[in-house]
């Protein structure tokens, strides 16, 4: 991403970064067995169109796209990597979202700190600045990634990508409320598109008879309709808990999304 952005204008980079959401959806639907019905696809389209419209504001005001083709390819490749990460993380968080994020964040922190020390070679920042950076990172990265991991677990990568694409909407509202940045008619129209998309997604009722094949695995779970099993003396008490358990074949009907237990044909 950084190599790509160094070869692009800010506007070009911002527009290309919108590719993460459609790449995530494409992989989720074509490779990882998720499903979006017509209403969910339409809702996702509204959200993506609104996000792109918010980013197009400077272009409509006369700013020009600028940059090297290599820069565009590098940023697109970064978005493809994030899309793959979103889908692979969705499969991992079935076990324990918080534990997975803890490992990922530790790995990212060590790698980034080491890279910064090697490339920059300067002294560590002052204690006050370091504390402020750690506090900001714990919220803007740590907490946000934990929440995102739970979203991936509960609704699947495709729907998570649609919800996550509303970030420019939140950013524009924050800039207006905190910094006094003006909202144009185009901004309000884009926000209306995204709000309509989110409303449609939240109202989606994907409900039909489906079957669960016999399965045995281990992950964090509660004793809901999909987890009715006996426990041995060594299994942990309390819920949620994780232990190896068996899913008996089951056919039933209820509202569901493409989480790890609902990857079936339609």
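Mind checking whether some residue in the stretch 121-139 is in contact (Cβ under 8 Å) with a residue 40 or more places away in the chain, farther than 29 Å from residue 28 by Cβ and assigned to a helix (DSSP H, G or I)?
Looking through the stretch 121-139, none of the residues is in contact (Cβ under 8 Å) with a residue 40 or more places away in the chain, farther than 29 Å from residue 28 by Cβ and assigned to a helix (DSSP H, G or I).
For the list (1) in a loop (DSSP other than H, G, I, E, B); (2) touching a helix residue (DSSP H, G or I) at 6+ places or on another chain (Cβ under 7 Å), I need the number of the one condition that residue 150 fails.
Against the list (1) in a loop (DSSP other than H, G, I, E, B); (2) touching a helix residue (DSSP H, G or I) at 6+ places or on another chain (Cβ under 7 Å), residue 150 comes up short only on (1).
Return a yes/no flag: does the stretch 8-26 have any residue that is in contact (Cβ under 8 Å) with a residue 60 or more places away in the chain and not in a helix (DSSP H, G or I).
Checked against the condition, which is being in contact (Cβ under 8 Å) with a residue 60 or more places away in the chain and not in a helix (DSSP H, G or I), the stretch 8-26 yields at least one hit.
Any idea which of 238, 197, 232 is under 27 Å from the mean Cα position of the chain (by Cα) and either surrounded by 11 or more Cβ atoms within 10 Å (Cβ to Cβ) or free of Cβ contacts under 8 Å to residues at least 12 places away in the same chain (or both)?
Unique residue meeting the criteria: 197.
Quick grid of which residues meet (1) modelled with pLDDT of 90 or more; (2) over 30 Å from residue 196 (Cα atoms); (3) in contact with a strand residue (DSSP E or B) (Cβ under 6 Å, 6 or more places away or on another chain); (4) crowded, with 16+ Cβ neighbours inside 10 Å:
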| site | (1), (2), (3), (4) |
| --- | --- |
| 54 | no, no, no, yes |
| 66 | no, yes, no, no |
| 81 | yes, no, no, no |
| 85 | yes, no, no, no |
| 91 | no, no, no, no |
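Given the residues 116, 71, which is the only one that is at pLDDT below 85, over 30 Å from residue 151 (Cα atoms) and in a helix (DSSP H, G or I)?
After applying the criteria, what remains is 116.
For the stretch 207-229, give me the residue count where each residue is touching a strand residue (DSSP E or B) at 6+ places or on another chain (Cβ under 6 Å) and either more than 19 Å from residue 150 (Cα to Cα) or loosely packed, with under 12 Cβ neighbours inside 10 Å (or both).
Qualifying residue count for the region: 8.
Which members of the stretch 6-18 meet the condition of being modelled with pLDDT of 85 or more and crowded, with 18+ Cβ neighbours inside 10 Å?
Matches in the stretch 6-18: 7 only.
What about residue 50, is it over 15 Å from residue 164 (Cβ atoms) and either touching a residue at least 24 places away in the same chain (Cβ under 8 Å) or in a helix (DSSP H, G or I) (or both)?
Taking the combined requirement at face value, the residue does not satisfy it.
Within the stretch 183-206, can one find any residue that is at pLDDT below 85, in contact with a strand residue (DSSP E or B) (Cβ under 8 Å, 6 or more places away or on another chain), on the phi < 0 side of the Ramachandran plot and not in a helix (DSSP H, G or I)?
Yes, the stretch 183-206 contains a residue that is at pLDDT below 85, in contact with a strand residue (DSSP E or B) (Cβ under 8 Å, 6 or more places away or on another chain), on the phi < 0 side of the Ramachandran plot and not in a helix (DSSP H, G or I).
If I filter the stretch 171-179 for residues that are surrounded by 12 or more Cβ atoms within 10 Å (Cβ to Cβ) and part of a loop (DSSP other than H, G, I, E, B), do I get at least one hit?
The answer is no; no qualifying residue exists.
I'd like the residue in the stretch 40-52 that is at pLDDT 85 or above and surrounded by fewer than 19 Cβ atoms within 10 Å (Cβ to Cβ) and, out of all such residues, is nearest to residue 191 (Cα to Cα).
49
In the stretch 218-229, which residues are under 29 Å from the mean Cα position of the chain (by Cα) and within 30 Å of residue 202 (Cβ to Cβ)?
Passing the criteria: 219, 220, 221, 222, 223, 224, 225, 226, 227.
Could you grab me the full set of residues in the stretch 85-100 that are touching a residue at least 24 places away in the same chain (Cβ under 8 Å) and more than 11 Å from the chain's Cα centre (by Cα)?
Hits for the stretch 85-100 are 91, 93, 94, 95, 96, 97, 98, 100.
Looking for something touching a residue at least 24 places away in the same chain (Cβ under 8 Å), touching a helix residue (DSSP H, G or I) at 6+ places or on another chain (Cβ under 6 Å), under 26 Å from residue 28 (Cβ atoms) and assigned to a loop (DSSP other than H, G, I, E, B) - is there at least one such residue anywhere in the stretch 211-228?
No; the residues of the stretch 211-228 include none that is touching a residue at least 24 places away in the same chain (Cβ under 8 Å), touching a helix residue (DSSP H, G or I) at 6+ places or on another chain (Cβ under 6 Å), under 26 Å from residue 28 (Cβ atoms) and assigned to a loop (DSSP other than H, G, I, E, B).
The values are calculated or read from the model by the stated rules, or taken from the named source; none is laboratory data. The model shown is predicted, which means the values in this text are computed figures rather than measured ones. Reconstructed Cβ throughout: ideal geometry from the backbone, glycine too, with neighbour counts over all protein chains shown.
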